[in-house]
Amino acid sequence: MKHLLKLGDLTTEEIFGILNLADQLKYERKNGIGHHHLKGKKLGMIFQKSSTRTRVSFEVGMYELGGYALFLSDRDLQIGRGEPIKDTVRVLSRYLDGIMIRTFAQKDVEDLARYGSIPIINGLTDYCHPCQVLADLMTIREYKGSLKGLKLCFVGDGNNMANSLIVGGIKTGMEVSIACPDKYRPDEEIVSWAQQTGNLVVTSDIKKAAEGADVLYTDVWASMGQEGEKQEREEAFKGYCIDEELMKRAKSDAMVLHCLPAHRGEEITDEVFEAHAQEIFDEAENRLHAQKAVLVKLLK
Ligand code: CP
Ligand code: NVA
């Protein structure tokens, strides 16, 4: 594993390797056992979109591993003034040991890997969010013991989260169902790849999708960069909400996850969110541990 560009590039063994190391790093941190695996290493963090969790967990993660993280906003970088990404990365490769990037186009992340000579980590694109889903898988395994055979249901927009959950879920042996309006389906290449395994259902019928689920997952109706479509999306996604009624369709011990930030009253009710806050904030915490594992695998 040289980069983390998307989960589709990882084998099942590589995914479990990251999850196992993440569990170990979490245990060590809780017990005050230091782990300076990346002493002196430097990570550049390029952000072309906002972030709370990704930024802070990567920065703290590098610090705890004995390394250093630089926050690079595109407002300040020459990228913002039109310097090609393929030039920027050839320069940054001379100073840094790795780059984490949050941006719009998946191609930009792939180009960093192509033209640079250091590991590249995808911290979210319009296409996928692999770091989030590694933390999600870690959290599900913590609560349920194992992943194989579980049913994961995602409700809402067939967006970056849906794409990565399909790939991560299928690769770790889960059954995945996606409930979304027909116009907002996940990436069709990912869907046809996943459907070949027989473990993916995509439907506009939210009740059917949630039937017997072990995990219910949702995300915002309008992602970063889609602010202009807010009204149209509010119309299209009405009813695609995890509420008490939908919870009755899932298993009685079903967990609820959300990558955050959440919009209560849209994709999830306040009632359901607060009833499952423990899981949701464990999930947010696990971003730190899962990403530290990725950093150790790639930069050590
Ligand atoms: N879930 C997630 O990636 O959060 P941020 O946008 O705050 O980084
Ligand atoms: N789908 C959301 C995820 C945020 C973590 C977005 O891209 O804005």
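The values are calculated or read from the model by the stated rules, or taken from the named source; none is laboratory data. On a predicted model such as this, the values are computed, not experimentally measured, just so you know. A quick note on method: Cβ atoms are made from the backbone with ideal geometry, for glycine too, and the neighbour counts reach across all protein chains shown. With ligands, DNA and RNA removed, areas are computed over all heavy atoms of the protein, side chains included. Shrake-Rupley method; radii C 1.70, N 1.55, O 1.52, S 1.80 Å.
At-a-glance table
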| item | result |
| --- | --- |
| Criterion (part of a helix (DSSP H, G or I) and closer than 28 Å to Thr52 by Cβ) met by exactly one of Val220, Val167 | Val167 |
| Filtered residues of the stretch 124-140 (kept if among the acidic types (Asp, Glu) and open to solvent by 10 Å² or more (accessible area, probe 1.4 Å)) | Asp126 |
| Cross-chain or 6+ apart pairs with Cβ under 6 Å, the stretch 36-60 first and under 18 Å from Ala262 (Cβ atoms), then within 12 Å of ligand 2 (Cβ to nearest atom) and open to solvent by 60 Å² or more (accessible area, probe 1.4 Å) | Lys49/Met224 |
| From Leu257, Leu216, Leu246, residue being under 18 Å from Asn160 (Cα atoms), more than 14 Å from ligand 1 (Cβ to nearest atom) and in contact (Cβ under 8 Å) with a residue 24 or more places away in the chain | Leu216 |
| Some residue of the stretch 141-149 being open to solvent by less than 10 Å² (accessible area, probe 1.4 Å), part of a strand (DSSP E or B), touching a Gly at 6+ places or on another chain (Cβ under 8 Å) and at pLDDT 95 or above | no |
| Residues within the stretch 5-46 that are open to solvent by less than 60 Å² (accessible area, probe 1.4 Å), more than 13 Å from ligand 1 (Cβ to nearest atom) and within 23 Å of Ala105 (Cα to Cα), tallied | 8 |
| Lone qualifier among Ile206, Ile178 - being touching a Phe, Trp or Tyr at 6+ places or on another chain (Cβ under 7 Å), open to solvent by 10 Å² or more (accessible area, probe 1.4 Å) and more than 19 Å from Leu10 (Cβ to Cβ) | Ile206 |
| Residue within the stretch 219-236 that is open to solvent by 20 Å² or more (accessible area, probe 1.4 Å) and in contact with a Pro (Cβ under 7 Å, 6 or more places away or on another chain) present | yes |
| Number of the condition not met by Tyr143 [criteria: (1) within 16 Å of ligand 1 (Cβ to nearest atom); (2) under 22 Å from Met161 (Cα atoms); (3) hydroxyl-bearing (Ser, Thr, Tyr)] | (1) |
| Within the stretch 240-300, helices (runs of 4 or more DSSP H) holding 3 or more residues that are more than 24 Å from Phe58 (Cβ to Cβ) | 244-249, 270-275 |
| Members of the stretch 47-92 found to be assigned to a loop (DSSP other than H, G, I, E, B) and surrounded by fewer than 20 Cβ atoms within 10 Å (Cβ to Cβ), listed by number | Lys49, Ser50, Ser51, Thr52, Gly66, Asp74, Arg75, Asp76, Leu77, Gly82, Glu83, Pro84 |
| Considering residues of the stretch 104-121 that are touching a strand residue (DSSP E or B) at 6+ places or on another chain (Cβ under 6 Å) and not in a loop (DSSP other than H, G, I, E, B) only, the residue nearest to Glu245 (Cα to Cα) | Ile121 |
| Ala293 open to solvent by less than 30 Å² (accessible area, probe 1.4 Å), over 19 Å from the mean Cα position of the chain (by Cα) and within 24 Å of Arg141 (Cα to Cα) | no |
| Verdict on Glu229 being in a helix (DSSP H, G or I), farther than 30 Å from Ile15 by Cα and within 14 Å of ligand 2 (Cβ to nearest atom) | yes |
| Gly198 vs. criteria part of a loop (DSSP other than H, G, I, E, B) and over 18 Å from Gly158 (Cβ atoms) | yes |
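Each row is one residue, and each column tells you yes or no for (1) at pLDDT 95 or above; (2) more than 22 Å from Leu21 (Cβ to Cβ).
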site: Thr52; (1), (2): yes, yes
site: Val56; (1), (2): yes, no
site: Val60; (1), (2): yes, no
site: Tyr63; (1), (2): yes, no
site: Leu72; (1), (2): yes, yes
site: Asp76; (1), (2): no, yes
site: Gly82; (1), (2): no, yes
site: Val89; (1), (2): yes, yes
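Here is a yes/no grid of residues against (1) at positive phi; (2) within 16 Å of ligand 2 (Cβ to nearest atom); (3) under 19 Å from the mean Cα position of the chain (by Cα):
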position	(1), (2), (3)
Arg53	no, yes, yes
Met62	no, no, yes
Leu65	no, no, no
Gly82	yes, no, no
Ile99	no, no, yes
Asp108	no, yes, yes
Pro119	no, no, yes
Cys128	no, yes, yes
Glu142	no, no, yes
